[in-house]
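Chemist: Handing you this structure, nothing more for now.
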Amino acid sequence: MRFRTTIDNVPTFFRIIQSIEKLQKKCIIKFTETNMHLICNSDTNEGGIQVWSQIKVESIFSGYRIQSNASNEITVALFSEALLAALRSASSSTTGALSSFEAEEVVMKLAKKSDQAVLSFEITGMTRVGRRVKVTHDVKIEVMKPSDVERLNEPMCPEPDTHILLPPLQKLRTIVDRLRPMSNVLGVRANNNGCLQFSIHTESVKVDTEWKGCTNPKMARENASQQEDPPSDPDEMFSVLVSIRSFIKFLHSHVVSTTTIACICQNHCMILYVYIGDVADAGGVLTFYIPAMLDDDG
Amino acid sequence: MLPVLKASVHDVRYFVTLLRGVNFVNRATITVTERGFIAVVEEARTLLGTAYIFSDVFDEYEYNSESPGSTQDSADDEDNAAFEVPLNTLIECLNIFGTAGGTNYNASGGGRHNRWKKVGDNDDGDDGDDDDGGRGKIQQFFGGSSEKRTGMRMSYAGAGYPLTLLLAEDSTGPTTTCEISTYDAEPHLELPFDLEKMVLKVILKSEWLRDALSELDPSCEKLTFIGNPPPTGDPSQPRQKQKANSRVSLKPMLRIKATGTFGSTEMDYPNDRDVLETFDCAQSISFSYRFAHISRTLRALQSSTKTSLRIDDEGLLSLQFLMPSPSPKQGKKDEGPAAFIEFRCLALDDDQLNVKLYV
């Protein structure tokens, strides 16, 4: 089992981890020959939120080499906080004046140190006075058995009723932050005519925030052929109730997002595609699944 | 039927500042009259906070009496409509877009808000797709909020109906509709302040009081206001000279004393017209209040310009804070009095006895 790569785009990697770090302590990363998959699928997550993401190797790494008996895939489980700390140190040259040196090259590789499998981050750089430094962070990992990896399955969802482009997530976050103390449940409604609503409804208050003129992207679906039923009324609203706390956890991804598409499967779940980088070059996408709350206990 | 209340304003910040000043208990009684809007909160049957928000705070203000004709004529007992609302919810709703302005005392919420704004800042820079990103960034850098202001339209249809708010930043952005449940107004504490029985009256710049109170440790339990008549002398004598005398005399004109488990703090105000604009005190007095209650007034004190502090012979404290309008409207200025917030607080009982002995 061999794995070694140079991290070219440390800031993006850092932000991706930052946006999922709040979700659960441990996350799973699956490296394949072409993609890096970040998975947070713990059942114990707040409101049952899950993340399944897919990031193209070339959008973050270069000199990427991977080899394993499991069709050249390596799946590891690690503490996202530890990974974040290693990346923070590696990205310090871009994020601010905290560091005393400028990172020039960051290499991530699989290693074994005193019988413990680690992801080793070797950061080489130059101090301000021109001395070369080398900093190594070892992040403890657990390499997952192929049989366990097989058992990882993305949640099954029906064909979404509507796809809608979300407004900038920072703006959304301001609003949802205000709603949070008032309610535990957030109602999300959207139609295929550019209308999006976020609402709470409790005994003491009812708040509805509405956007008009959002974009409903056309989604290319593999099973589009079976679209026989007549197109539904574009003004029909589809709604889902989600835990407001898990929605806020999703909103942490505003640090990495450029475009976010929300899909509503009425009364079933909400799927959020957070695109990393430009949608056009599709460097990667973080997919958040937030299951619907069925009993409206306000 | 006409709604009881209809009001609108293009920028909610001033309105929110006034409401925040009394936001120490969640349930507030709102009384709507022809002249404006009064929000009353009480705590522990001891402290009463009242925000007087006159109709000129709003761009539009319309009040329609629910009981036509009956009380319209009597000028004394002003016709009104009263209801209770969760005040915190009302403020959160008004600040839904985060542009209702914050106060320094809202440290926990404000801090968090700023932190993520900075993160968002970086984001903007990387995307480079935001046209006015540059201007927004510099605003955020200096800790101010963005250019945008929340506009509001508020209405209340009458007893049993919710208080409805329609909020928006601009025509292109989102709109928020809030329906806040209203409850029947319960009779609240009445603490009438009788001017005849007033024993101490001080008017001073709010910052003088704010600086004093903010010095105090939050662990203090009791706050005592001590007043002594100004040193006697020829009233025509210039004050400067009196000041010199007062330094020798042991009795300060106005002393604030805070007592807690770990000790006590005393602060004296000088006999200087620059500090104490008005000082009326006929005999020595000393009344104590629970510090926790006095600290409830800090948020209002913070945003006020002038403070009037009065105490009657029973120790009832009245603190009035003049709340300046951030942008005085042209021509509208003399239409009504400036909005203010008043707190009334009962003195601690054991001290009342002490005072009787002391006096």
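The values are calculated or read from the model by the stated rules, or taken from the named source; none is laboratory data. If you're wondering where the values come from, they're calculated on a predicted model, not measured in any experiment. Neighbour counts run over all protein chains shown; Cβ positions are idealised from the backbone, glycine included. Keep in mind that these areas ignore ligands, DNA and RNA; they rest on the heavy atoms of the full protein, side chains included. Shrake-Rupley method; radii C 1.70, N 1.55, O 1.52, S 1.80 Å.
Every residue, every condition in (1) away from chain A (no Cβ under 14 Å); (2) at positive phi; (3) open to solvent by less than 30 Å² (accessible area, probe 1.4 Å), yes or no:
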site	(1), (2), (3)
B:Arg153	yes, no, no
B:Gly158	yes, yes, yes
B:Leu163	no, no, yes
B:Leu166	no, no, no
B:Thr172	no, no, no
B:Thr182	no, no, yes
B:Pro192	yes, no, no
B:Glu196	yes, no, no
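Chemist: Test A:Thr34 against the criterion of being among the hydroxyl-bearing types (Ser, Thr, Tyr), open to solvent by less than 40 Å² (accessible area, probe 1.4 Å) and over 15 Å from the mean Cα position of the chain (by Cα), and give yes or no.
Modeler: Criteria not met by A:Thr34.
Chemist: Now for a separate question. Before we move on, is B:Ser288 open to solvent by less than 50 Å² (accessible area, probe 1.4 Å), touching a Leu at 6+ places or on another chain (Cβ under 8 Å) and assigned to a loop (DSSP other than H, G, I, E, B)? Steps first, please.
Modeler: Details: open to solvent by less than 50 Å² (accessible area, probe 1.4 Å): yes; touching a Leu at 6+ places or on another chain (Cβ under 8 Å): yes; assigned to a loop (DSSP other than H, G, I, E, B): no.
Considered against the rule, which asks whether it is open to solvent by less than 50 Å² (accessible area, probe 1.4 Å), touching a Leu at 6+ places or on another chain (Cβ under 8 Å) and assigned to a loop (DSSP other than H, G, I, E, B), B:Ser288 comes out as no.
Chemist: Then there is this: Take the range B:300-322 and flag every residue that is within 11 Å of B:Phe287 (Cβ to Cβ) and part of a loop (DSSP other than H, G, I, E, B).
Modeler: B:Asp313, B:Glu314, B:Gly315, B:Leu316
Chemist: Here's a follow-up. Scan the range B:173-223 residue by residue and report those that are free of Cβ contacts under 8 Å to residues at least 60 places away in the same chain and in contact with a Gly (Cβ under 7 Å, 6 or more places away or on another chain).
Modeler: The answer is B:Asp217, B:Ser219.
Chemist: Mind listing whichever residues of the range B:10-30 are within 19 Å of B:Glu60 (Cβ to Cβ) and either open to solvent by 10 Å² or more (accessible area, probe 1.4 Å) or not in a strand (DSSP E or B) (or both)?
Modeler: Of everything in the range B:10-30, those that are within 19 Å of B:Glu60 (Cβ to Cβ) and either open to solvent by 10 Å² or more (accessible area, probe 1.4 Å) or not in a strand (DSSP E or B) (or both) turn out to be B:His10, B:Asp11, B:Val12, B:Arg13, B:Tyr14, B:Phe15, B:Val16, B:Leu18, B:Leu19.
Chemist: Also: Pick out the one residue from A:Ile141, A:Ile175, A:Ile164 that is closer than 25 Å to A:Ser204 by Cβ and either modelled with pLDDT under 95 or open to solvent by less than 80 Å² (accessible area, probe 1.4 Å) (or both).
Modeler: Details: A:Ile141 fails: closer than 25 Å to A:Ser204 by Cβ; A:Ile164 fails: closer than 25 Å to A:Ser204 by Cβ.
It is A:Ile175.
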